[in-house]
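Colleague: One structure follows; several queries about it will come next.
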């Protein structure tokens with residue numbers, strides 16, 4: 001009698017954050033518990049201080065760039081501070097506008113300086129970092145307006161700057177951003193579909209915020225225990241939209257949906273898109289859904305997913321250097337492919 005053959009058991013791997021991230025999260029929440037016992041409450045000031053301290057302590061490598069210049073966007077009606085990074089001034093390179101993260105409330109050119117330097121070197125692009133206005137002092141749509149203004153005037157800005165600093169550039173424009181900056185980049189790409197004066201070649205979105213209605217399952221699945229929590233996101237969005245009702249009334253809900261790139265119109269003019277996502281990020285699923293929607297509309301889109309990362313891991317480079325290196329390399333290959 002022969003033994004009956006049995007089918008092999010296929011087990012689904014149990015995912016968890018990288019060990020160094022787990023250890024960091026343990027200390028982070030222990031520290032937060034102490035602060036809460038002392039009466040800690042979220043404010044724009046401590047949100048900004050938190051992102052500064054996180055990035056300054058965990059992104060310490062600041063590579064040299066041949067040319068770094070601060071300038072204001074060159075336009076007639078407004079002024080938006082920029083920092084331009086040119087890795088090879090004698091070579092005509094394409095341009096990448098970078099919008100920093102921070103929940104539309106925190107972050108700055110200064111904080112993201114090492115990240116933008118790495119981005120310029122990895123992509124062989126001229127990186128233009130944008131100091132867009134932040135909430136609650138300047139609520140929606142101020143940040144969107146600044147982002148659009150910079151892209152609208154990018155060539156006149158670079159023309160004036162290059163005549164003084166003697167560098168070369170190509171009139172090829174791509175966009176990138178992380179978290180809230182990813183939201184701004186994506187929003188600009190959608191708006192530019194109907195503006196013949198702005199031609200976006202590609203966009204690279206790093207764990208982007210694309211759904212202000214918070215309707216995707218990962219908001220609840222990853223909403224506690226991974227640094228960026230659902231409660232804090234709700235607070236960011238209340239500050240950003242200045243409704244302070246959590247989006248519960250019809251008018252506020254419609255405002256948030258119309259501002260969400262996930263629900264915006266897609267035409268053949270949308271650029272090729274790369275979305276970087278992290279398994280333990282509350283924004284994970286909206287990134288998946290955005291790539292799916294673009295593909296269904298016939299737009300080239302791809303997803304670089306990390307099974308063991310959390311939100312904002314690019315700002316935690318000391319803990320996860322290999323993953324950060326992979327992000328920079330992938331964006332470089334995508335933009336130059």
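Colleague: Working from Cα positions, state the angle (0 to 90°, nearest 10) between the long axis of helix 142-152 and the longest principal axis of the chain.
Modeller: 50
Colleague: So what's the angle, to the nearest 10 degrees on a 0 to 90 scale, between helix 321-336 and the longest Cα principal axis of the chain?
Modeller: 50
Colleague: Nearest 5 is fine: what % of DSSP beta bridges in the stretch 53-336 come out antiparallel, could you say?
Modeller: Percentage antiparallel, nearest 5: 25.
Colleague: Let me ask another. How do 273, 135, 43 line up, fewest other C-beta atoms within 10 Å first?
Modeller: 43, 135, 273
Colleague: Still on this structure: I need to check one value: relative contact order of the stretch 53-336, counting alpha carbon pairs closer than 8 Å and at least 6 residues apart, in percent.
Modeller: It comes to 20 percent, rounded to a whole number.
Colleague: Can you give the angle from 0 to 90° between the axis of helix 44-58 and the longest principal axis of the chain, with both taken from C-alpha atoms, to the nearest 10?
Modeller: Between the helix axis and the principal axis of the chain, the angle is about 80 degrees.
Colleague: Counting other beta carbons within 10 Å of each Cβ, put 140, 85, 29 in order, fewest first.
Modeller: Fewest-to-most ranking of 140, 85, 29: 29, 140, 85.
Colleague: 222 nm [θ] for the chain, helices only, -39500 (n - 2.57) per DSSP H run of 4+, per residue, to 500?
Modeller: Mean residue ellipticity, 222 nm, calculated: -12500 deg cm²/dmol.
Colleague: Kindly state, as a whole number, the per residue volume in cubic angstrom of the convex hull around the alpha carbon atoms of the stretch 248-337.
Modeller: 116
Colleague: While we're here: Could you put 24, 235 in order, starting from the residue whose Cβ has the fewest other Cβ atoms within 10 Å? Intermediate values should be presented prior to the final figure.
Modeller: On the way: 24 20, 235 17.
So the ranking, lowest neighbour count to highest, is 235, 24.
No value in this document is a laboratory result; all are computed from the given coordinates. A quick note: this is a predicted structure, and the numbers were derived from the prediction, not measured. We place every Cβ from the backbone using ideal geometry, glycine too, and count neighbours over all the protein chains shown.
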